[in-house]
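Report on the following structure.
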Amino acid sequence: MKKKFLSPDFIPMWTAINTIAATCSMIALITTVYLSSNAMRDSMKTFNQNFETSNYTELDSMYFELLKLALEKPYLTHPAALKDAKQLQEYDIYANMVWNFIETITDRCNDNKKLEATWYPVVDALNRLHRNWFDDPKNKHKFKDAFREYIVQDRYKPWTVAGA
């Protein structure tokens, strides 16, 4: 029996089988990597879509609450027409909420063109209503410098309607 394993035909045949097995393993590995990369790409695409939807939904909910407050107390959207100390105090709180919402928009959009196209016109509209409050020096400390710079330089403006 020992002679059978040492025959000259045995080693080349075993090498051929080993080579075929290694080739099949390599093909399986390449196929697995290819399929995994496609699955990861699809997974990342789905994650990004879900993240975008989540951001949109959360921003929409926040905006709805601001609009609801303005419906309940319409003078909050007309700061020049405020009549008494109570209205001034309510407006101060409301304007702070509005500007925090705007800051959230700018943080969430983060170069997402779809979100920017949807929310930057809202930023423009709210800025037009409440800019005086934002520019008041007593409110400067309420926002990070990068956000204040962003607003002062009107960086959201390319998304607003031309000529509006």
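The values are calculated or read from the model by the stated rules, or taken from the named source; none is laboratory data. Quick caveat: nothing in here was measured; it's all calculated off a predicted structure. Cβ coordinates were reconstructed from backbone atoms using ideal geometry, including for glycine residues, and neighbour counts include every protein chain displayed. Note: areas computed on protein heavy atoms with side chains; ligands, DNA, RNA excluded. Shrake-Rupley method; radii C 1.70, N 1.55, O 1.52, S 1.80 Å.
Observations, loosely collected:
- Ligands, DNA and RNA excluded, the heavy atoms of M97 present near 80 Å² of accessible surface to a 1.4 Å solvent probe.
- For the range 21-64: accessible area per residue (Å², 1.4 Å): 80
- Net charge of neighbours whose Cβ lies under 15 Å from the Cβ of K86, counting Lys and Arg as +1 and Asp and Glu as -1: -2
- Accessible area, probe 1.4 Å, largest first, for residues R148, R155, R41: R41, R155, R148
- Where the Cα pairs of the range 62-137 fall when distances are cut into 5 Å bins, in %: 3, 15, 26, 25, 15, 9, 5, 2, 0
- Volume per residue that the Cα convex hull of the chain spans, once the total is divided by residue count, Å³: 204
- Remark: accessible surface ordering of V33, V98 (largest first) is V33, V98, probe radius 1.4 Å.
- Amide H contacts of F143 (H built 1.01 Å from N, under 5 Å, at least 5 apart or other chain): none
- Placing +1 on the Cβ of every Lys and Arg and -1 on the Cβ of every Asp and Glu, with nothing else charged, gives the range 81-163 a dipole about its Cα centre of roughly 60 debye.
- Protein accessible area in the chain, 1.4 Å probe - carbon and sulfur %: 63
- Each residue of the range 142-152 was assigned a 3J(HN,Hα) from its phi angle through the Karplus expression (A = 6.51, B = -1.76, C = 1.60, θ = phi - 60°), giving 7, 9, 5, 4, 4, 5, 4, 4, 4, 6, 4 Hz with x at Gly and Pro.
- Solvent-accessible area of K157, all protein chains in place: 70 Å² (probe radius 1.4 Å, heavy atoms, ligands and nucleic acids excluded).
- The helix-based estimate of mean residue ellipticity at 222 nm for the chain, built from -39,500 (n - 2.57) per DSSP H run of four or more residues and divided by its residue count, is -26500 deg cm²/dmol to the nearest 500.
- Most fluctuating residue given options E58, E149, E103, as computed from a GNM of the chain linking Cα atoms under 10 Å: E149
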